[in-house]
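What follows is a set of notes on a single structure, which appears directly below.
The values are calculated or read from the model by the stated rules, or taken from the named source; none is laboratory data. Treat the numbers as computed from the prediction; the structure is a model and nothing was measured. Reconstructed Cβ throughout: ideal geometry from the backbone, glycine too, with neighbour counts over all protein chains shown. For the accessible areas, the whole protein counts, side chains as well, though only heavy atoms, and no ligand, DNA or RNA atoms are used. Shrake-Rupley method; radii C 1.70, N 1.55, O 1.52, S 1.80 Å.
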Amino acid sequence: LDREEIDLATFPRSTRKIIENLAAGKPLIPIARTNVERETRIIKYRRATIEAAFDCGTIEASGRSGELCELELELKRGSLRGLLSLARDLPLGPDLGWSASSKGTR
């Protein structure tokens with residue numbers, strides 16, 4: 001978001017109801033902020049069409065800030081086997097490793 005307040009009317013009705021119930025009438029306030037630049041590419045690998053999203057930026061929460069640089073792979077079409085093969089074939093090392101942590105979890 002580019003602003004502090006969240007417009008619940010922009011959410012689908014079912015999601016909006018869940019958020020309203022969780023908030024219990026209290027205003028929603030930000031607890032973290034991400035500032036990310038994303039670059040995407042479409043990759044054809046084996047029998048899959050995969051979106052590769054390169055995210056670089058920062059995550060800020062509780063007065064702390066951390067750098068973020070990640071590659072996300074999303075299967076757009078085709079075989080899950082192709083996506084998993086691409087992920088397995090990436091050259092892991094000091095600059096590229098596996099993580100299951102989302103930006104929100106961090």
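When you look at I50, is it open to solvent by less than 70 Å² (accessible area, probe 1.4 Å), at pLDDT 95 or above and touching a strand residue (DSSP E or B) at 6+ places or on another chain (Cβ under 7 Å), yes or no?
yes
Just one of R16, R33, R41, R81 is in contact with a helix residue (DSSP H, G or I) (Cβ under 6 Å, 6 or more places away or on another chain) and either of a type in the set (K, R) or in a loop (DSSP other than H, G, I, E, B) (or both); which is it?
Every option except R16 fails the conditions.
Considering segment 41-61 alone, what residues qualify as being among the small types (G, A, S) and under 20 Å from the mean Cα position of the chain (by Cα)?
A52, A53, G57, A61
What about T58, is it at pLDDT 90 or above, open to solvent by less than 70 Å² (accessible area, probe 1.4 Å) and under 22 Å from I31 (Cβ atoms)?
yes
For residues that are open to solvent by 70 Å² or more (accessible area, probe 1.4 Å) and in a strand (DSSP E or B), scanning just segment 61-71, find the one that is farthest from S102 (Cα to Cα). Can you show your working first?
Of segment 61-71, the ones open to solvent by 70 Å² or more (accessible area, probe 1.4 Å) are 62-65, 67, 69.
Then keep just the ones that are in a strand (DSSP E or B); that gives 64-65, 67, 69.
Working: R64: 17, S65: 16, E67: 13, C69: 12 Å.
Step by step, filter segment 61-71, then rank; the result is R64.
Return only the number of the condition from (1) surrounded by 14 or more Cβ atoms within 10 Å (Cβ to Cβ); (2) closer than 30 Å to E5 by Cα that E37 does not satisfy.
(1)
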